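Student: My questions will all concern the structure given below.
The values are calculated or read from the model by the stated rules, or taken from the named source; none is laboratory data. On a predicted model such as this, the values are computed, not experimentally measured, just so you know. All Cβ positions, glycine included, derive from the backbone under ideal geometry; neighbour counts span all protein chains shown. Surface accessibility is based on the protein's heavy atoms, side chains included, excluding ligands, DNA and RNA. Shrake-Rupley method; radii C 1.70, N 1.55, O 1.52, S 1.80 Å.
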Amino acid sequence: MNAEARMSPGRGPQHMQALERANAVRLARAELKRRVAIGEMTAADVILGAPWEAESMTVSDLLTSQRRWGHTRSRKFLQCVPMSENKTVGSMTDRQRHALAQMLGVSVASQRVPERADGLTAVFAGVA
């Protein structure tokens, strides 16, 4: 009954290594969410590219990081697919990735606001 914990030379205990890894993932994921929120990257790009920081991220978490996407909109969108809110990006099949990315493209395109000139043209068309 002589058990001893073995540590690799130059490295801390296993729980400290796990904590460092978790912090690195958390910071990278926060940066990814910021990039999606400001429009530098789309959720479809993340789904198709599946970067390492998004592997364990839920699809719902990714969708809600988009501007104007809350839990309700995300849930309703995923019900149309159908896909669980708790599905992780890393566990999706290629077919699921492409279907979801395509639906996001259609969804985002239908939500775009027309440019100001087009909107004013439509308004003034009936006046002239």
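Student: For region 78-96, give me the residue count where each residue is assigned to a helix (DSSP H, G or I) and either over 19 Å from residue 49 (Cβ atoms) or in contact (Cβ under 8 Å) with a residue 24 or more places away in the chain (or both). Working first, answer last.
Tutor: First, the residues of region 78-96 that are assigned to a helix (DSSP H, G or I): 78-80, 89-91, 94-96.
From what is left, the residues that are either over 19 Å from residue 49 (Cβ atoms) or in contact (Cβ under 8 Å) with a residue 24 or more places away in the chain (or both) are 78-80, 89-90.
Summing the residues that are assigned to a helix (DSSP H, G or I) and either over 19 Å from residue 49 (Cβ atoms) or in contact (Cβ under 8 Å) with a residue 24 or more places away in the chain (or both) in region 78-96 gives 5.
Student: Give region 44-77 a look and list any residue that's open to solvent by less than 70 Å² (accessible area, probe 1.4 Å), in a helix (DSSP H, G or I) and within 14 Å of residue 105 (Cα to Cα), or say none.
Tutor: Passing the criteria: 44, 46, 47, 63, 77.
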